[in-house]
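**Q** Take a look at this one; I'll ask things after.
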Amino acid sequence: MSIDEWLSQRIEKTKQAGLYRELRTMSTAPQPNMIVNGTQQIVFSSNNYLGLANDPMLIEKALNTLKEFGIGSSGSRLTTGNTEWHEKLEQRLARFKGMEAALLFSSGYLANVGVLSSLPERGDVLLSDQLNHASIIDGCRLSKAETVIYKHSDMSNLEEKLNETQSYTRRFIVTDGVFSMDGTIAPLDEIMKLSKRYDAYVIVDDAHATGVLGEGGRGTSDRFGVSPDVVIGTLSKAVGVEGGFVTGSRILIDFLINHSRTFIFQTSLPPVSCAAAYVALDIVENGQELRERLHRQIKLIKSSLEAMGFTVYGQDTPIIPVIIGDAAKSVRFSKRLQDYGIYAPAIRPPTVPEGESRIRLTVTAVHNDSQIEDLLTSFKEIGRELKII
Ligand SMILES: *Cc1c(COP(=O)(O)O)cnc(C)c1O
């Protein structure tokens, strides 16, 4: 059998299970109104929560940096790829997160994998929330420590697992700050209390909370007024650029520079991204009005959909999962939304549990009132048509 014959059999199985994925082509810059696969759509699925991905100030900074520093960084951070923009951005990120130091990675994915695969040693254990992001799961798989899963944000279950793992040398609790499929916020205050009682370290992946939650958009720790040992984030969501980062103590960062393989063996971020992110952090930190608008939009969409009779998951985060239940019905709902000019994907098992298939909406601060009205009208009409409400 040729490799292509073998792979097409495997793809056929994916199709039969209803799990086949296809790419869609965007022909416009990231903004609420985009051309998706050739048709105009209002996009309710991007991570560009504050609208910065297409911000004129970021673009101007990027253009100037591009002319001065070129496009590619030409090497890893430990060879020729460490520019003054990388260092400036790291100092800025440490200040932003209220931590001693920060370290850039090429993406949030690589930051998670880089920390989790290097920090815990053999004989240690990682206690990981059941709904943690794929990059945390992959980091745990690469770690020499064992992994124990606890039920989603279930503190009595976490405490049970802490009790059962007393024989390990070190315990690390690892959690998303905001969970990407459910839009829930980790109870970091309680997690920190348990970590102190059971002498465990805490690692938080704040990808969706950075720029969105807490004073100045500092994230989940700021919202709860706590200081986890390691806070990981991304520059690709509310910050509007690309790249991942880790913040913590100076020693932690020195350790990662020496031991984290996704840091050492990777070409560094292009300086242009660092300069754009540097400017973006000023907008994020001073973006209280943007954040207030974002949170008003979240409340409006959630309360309107609930009033119509939809089941909506999540807390006050830009991720608004609307539960449809049946997987095929969710796909049909998403297709009908596209007919109405609304782009929002259906999420099915195994990404979410059986019977909890959903339309995963995200909203940004830069959606206007009429775009939100269009969204709500479409949900009402399609919800009735498919007998969900
Ligand atoms: C998006 C995301 C990541 C990955 O970040 P990238 O910068 O896109 O690689 C990691 N963790 C969580 C929770 C995320 O939502």
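**Q** What's the whole-number percent of alpha carbon pairs in the range 250-312 lying beyond 19 angstrom?
**A** In whole percent, the long-distance tail amounts to 65.
**Q** So, one more: Measuring from label point to label point, each 7 Å out along Cα→Cβ, what is the ARG170 to ARG250 span in nm?
**A** Taking the simple label geometry, ARG170 and ARG250 are separated by 2.0 nm.
**Q** When Lys and Arg each count +1 and Asp and Glu each count -1, what net charge do the other residues less than 15 Å away from GLU289, Cβ to Cβ, add up to?
**A** Value of the local net charge: -2.
**Q** Skipping prolines and chain starts, which residues have an amide H placed within reach, meaning under 5 Å, of the one on LEU127, given they are 5 or more residues away or on another chain?
**A** HN-HN under 5 Å from LEU127: VAL148, PHE172, ILE173, VAL174.
**Q** Work out, in µm²/s and without decimals, the Stokes-Einstein translational diffusion coefficient of the range 56-285 at 25 °C, 0.890 mPa s, Rh from Kirkwood over C-alpha pairs.
**A** For these conditions, the coefficient is 139 µm²/s.
**Q** Take the solvent-accessible surface of the protein heavy atoms, probe 1.4 Å, and return the percent of it on the range 56-285 that carbon and sulfur atoms account for.
**A** Exposed carbon and sulfur together represent 50 percent of the surface.
**Q** Principal axis lengths of the chain from Cα atoms, whole Å, largest first?
**A** The principal-axis extents, from largest down, are 58, 56, 56 Å.
**Q** Using Cα-Cα distances under 8 Å and only pairs 6 or more residues apart, what relative contact order does the chain have, in percent?
**A** Value for the chain: 21 percent.
**Q** How large is the accessible surface of THR39 in square angstrom, using a 1.4 angstrom probe and rounding to the nearest 10?
**A** That residue has around 70 Å² of solvent-accessible surface.
**Q** If each DSSP helix of 4+ residues adds -39,500 (n - 2.57) and the sum is divided by the residues in the chain, what number results at 222 nm, nearest 500 deg cm²/dmol?
**A** -13500 deg cm²/dmol
**Q** How do the peptides 233-245, 173-185, 280-292 rank, highest first, by the average count of neighbouring beta carbon atoms within 10 Å per residue?
**A** Top of the packing list down: 233-245, 173-185, 280-292.
**Q** Considering the dipole of the chain built from charges on the beta carbon (Lys and Arg +1, Asp and Glu -1) around the Cα centre, which of GLY355, VAL230, ILE137 is farthest to its positive end?
**A** GLY355
**Q** Leaving out ligands and nucleic acids, note down the accessible area per residue over the chain with a 1.4 angstrom probe, in whole Å².
**A** Roughly 46 Å² per residue, with all protein chains present.
The values are calculated or read from the model by the stated rules, or taken from the named source; none is laboratory data. Just so it is clear, the structure is predicted and the values come from calculations on it, not from any experiment. So basically every Cβ, Gly included, is an ideal-geometry build from the backbone, and we count neighbours across all protein chains shown. These accessible areas exclude ligands, DNA and RNA; they are computed on the full protein's heavy atoms, side chains included. Shrake-Rupley method; radii C 1.70, N 1.55, O 1.52, S 1.80 Å.
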